[in-house]
Structure formats: structure tokens, C-alpha cells
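Notes follow the structure.
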Amino acid sequence: MTVNELMEQIRGEMTGDLRKDLEHLSERASELRGEENAEELLEAIANHAYEMMPEDQREKFTEETFVRGKRMDMVFHEALALVNNGKLQEAEELLADISEKIAKYYENAKPKLFSFRNPFEYHMYRYYYPNDTEFTRAPFDFAHYLQLYGYVLLDNKKLAEADAALERAIRFNPVSADVRFEMAELCKLQRNRKKLLAVNQDTLRLCTSADRIARVLANMGFYCYFVGDFYEAAVFYYDSLRFQGSKAVEFELQDVLRHMKTYGQKFAPPTKGQTLDVYQKYGLQPPPNSDLVNLAVALANSAQEYGKPELQGLFTRVAFDLTNDPHFKEELDRIDRLTQEE
């Protein structure tokens, strides 16, 4: 989608009710995060929203969302570019300013604010916390901003500050697996075995793709190796490779097998029952999470019923990413053909 096409759509969707129109723009922005040219599309939406505001609201918006004279999301992308170029100290300074702004205006907002990255994350939260209905959408992806801040602090060896930033990121998106991966890396550096296990347990139930599942299982392999449970470490590394191939994980598995051999232990590919026993030992349900698969299928069916092929495609993609079931791939192909014909 081009910016001109998007703006033509948006102008036709405006109602004249400023509050409703701004909420609608926020929803459209969330839907477009996965587009190839998402950055320019989101920039166009943000500029349009800013132009719609009365002068007094613009001043308030500027005070609450601008950092160093620029909109917060623009400064974040500058920080991200610095990270990608290895300039972590400069990135930390920008992200610290963003963090302060978030803490000042959004941390204790009523109702509380969440920054779910897509509609499925919203429905995951509603599924896991059905009694919590008093929340609204954050104006920017604060969870992502604080996650990057935590990553930079971690890399800059400021572990306590990194922990605080990542805990805040999780509060803005309680169903994000990605934030928890940074927390797992922090636990490894801190040699915090108890928290690493808890983080892995939390993360696995939130994984919506095979690569995320594989990463949690590799982290469980690290945990088991760290506590001296070499057989269990081998099982987790082995299962991680089943979900996604990785040279690094293969190396870790071979290292564990060498240690087992030193202690006279042997390892053969585990049976399904043996694998299940290892998962149960650490309070884990074998992936993929059937609850999330069923949720994705139900949401895809609902989206089809209401004639929303983009959402149907999103939810079907989640089901496919979790299961690799060819039926879901066929559905995705059908939805793609349908949307291209429109």
C-alpha cells in the first residue's frame, strides 16, 4: 500500500468526531505495522492525526510525546539506527530520554495503557486475563521502546537498570515473548537460575511461531546445563532443533553430549514419552500451545464471518506458524488470492 492510497482510505473513514477518529487512526497504525513500508505509512498517519488536533491539544500532545524536539517514534528510530551501527552509548542517551517521558506521562495512566503489536496479541491478553477490561491503547509502542532500552543497558553492562527497563516493558505488553527473551539473556548474565526458569516458563506459553519456541527450548537447554541436568539439557536442545535448525544450538547440543560421555552417560533421540517427562519436570507444556492454536482458528473463522480478510489472514498465519499444518497454508494462499482480486 502506498501513502497516497492509505490517506485516500483514511479520509473516507473519518467521522468528524475527533476522539473516535484519533482512536481509529491508532487502530489503523497497529494494523499496518507488518507492512513492508510500515515506517512511512505510520509517519503519514501520525502527521494526519497531529494536523487534526486543535491547537491546545497539539501543545499537550507535543509536551507528552516529543523528545528533543521530535516525535518520540522518530527519536526511537534514530536510537535504533545507532544500535545497528554499534553506537550503544549514544543510543542509550536517546532511549533514556524516551524512558523518562514514558515514566512521566504514561507509566501510571488510568486506565492503564498497553502496546500490543497486533490484534492477536490483544486477543491473547483478553484470553489470559478475561477479567481485566479497563485498559486502552498506548500512543506508541512503549514495550518495544523499553525493550530496546533494556537491551542497550544490558550490552552496556548496566544490569540492574536493564532489569528495571525490561520489567516496565513487560507491563506495557504482558503477552510479549520478545521482551522476555531479553530478560532471559539478563538472567544468564546474572547467573540467576531461579528467575531464568520462571522467565522460560512464562515465555513458552506466549510463543506464536516456531522460531520463538525454538529459542525458549534452547534457553531451557542452557538452564539445564547450568544446573547440571545434562540429559535434560540435551533433550531441550534436541527439541529446539526440531522447531528450527540452528548451528549455534547444534554446537551446544554436541557440547552437552561430550559432557555426558565424560560422565559415562549416553544419549539417543528421546521418545515422545521421554520428552514429555522432561517438560513436566520443569513445569512446561510441550509446544505448540494448543490454546493459542485454537484461539487463532476461532478468530480466523470470526474474521471470515465478518468479511475481514486481512484479519483472517493474520490469525491464520499464527495458526500456521505454530503448527506448520498444510491446511492453514492452503487457507493463507486462498486468502492471498482473494485479497489480490479485490
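The values are calculated or read from the model by the stated rules, or taken from the named source; none is laboratory data. Since this is a predicted model, take the numbers as computed values, not measurements. Virtual Cβ from ideal backbone geometry, glycine too; neighbours counted across all protein chains shown. The protein model used for the area step is the full one, side chains on, heavy atoms only, and it has no ligands, DNA or RNA in it. Shrake-Rupley method; radii C 1.70, N 1.55, O 1.52, S 1.80 Å.
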Quiz item: Mind checking the angle between helix 177-190 and the chain's longest principal axis? C-alpha axes, 0 to 90 degrees, to the nearest 10.
Solution: 50 degrees
Quiz item: Under the classification rounded if a/c is under 1.5, otherwise prolate if a/b is larger than b/c and oblate if not, where does segment 49-140 fall, given a ≥ b ≥ c as square roots of the Cα gyration tensor eigenvalues?
Solution: oblate
Quiz item: From the Cα gyration tensor of the chain, with a ≥ b ≥ c the square roots of its eigenvalues, which class applies: rounded if a/c is under 1.5, or else prolate if a/b is larger than b/c, or else oblate?
Solution: oblate
Quiz item: So for the chain, taking the charge dipole from beta-carbon charges (+1 Lys/Arg, -1 Asp/Glu), which of Y225, M7, L338 sits furthest toward the positive end?
Solution: Y225
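Expressed as a whole percentage, what fraction of the accessible surface of the chain belongs to carbon and sulfur atoms when a 1.4 Å probe is rolled over the protein heavy atoms?
Numbers: 8780 of 18260 Å².
Roughly 48 percent, rounded to a whole number.
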Practice problem: Rank these by accessible area, largest first, 1.4 Å probe: S290, S115. | Solution: S290, S115
Self-check item: Rounded if a/c under 1.5, otherwise prolate or oblate - segment 135-235, Cα gyration tensor axes
Solution: oblate
Quiz prompt | In degrees, nearest ten, helix 142-155 long axis to first principal axis of the chain (Cα) | solution = 50 degrees
Exercise. Note down the accessible area of H327, probe 1.4 Å, to the nearest 10 Å².
Key: 100 Å²
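Can you sort D141, D163 by solvent-accessible area, 1.4 Å probe, largest first?
Heavy-atom accessible area, descending, gives D163, D141.
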Practice problem: Compute the accessible area per residue over the chain, keeping the other protein chains in place, probe 1.4 Å, unit Å². | Solution: 53 Å²
Self-check item: C-alpha long axis of helix 55-65 to longest principal axis of the chain, angle in °
Solution: 20 degrees
Quiz item: Using a simple charge model, +1 on the beta-carbon of Lys and Arg, -1 on the beta-carbon of Asp and Glu, nothing else, what dipole does the chain show about its Cα centre, in debye to the nearest 20?
Solution: 1800 debye
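Accessible area, 1.4 Å probe, largest first: how do F222, F230 sort? Present the calculation step by step, with values, prior to reporting the outcome.
Numbers: F222 60, F230 35 Å².
Sorted by accessible area, descending: F222, F230.
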Quiz item: So what's the net charge close to A143: Lys and Arg +1, Asp and Glu -1, counting the other residues with Cβ under 9 Å from its Cβ?
Solution: +1
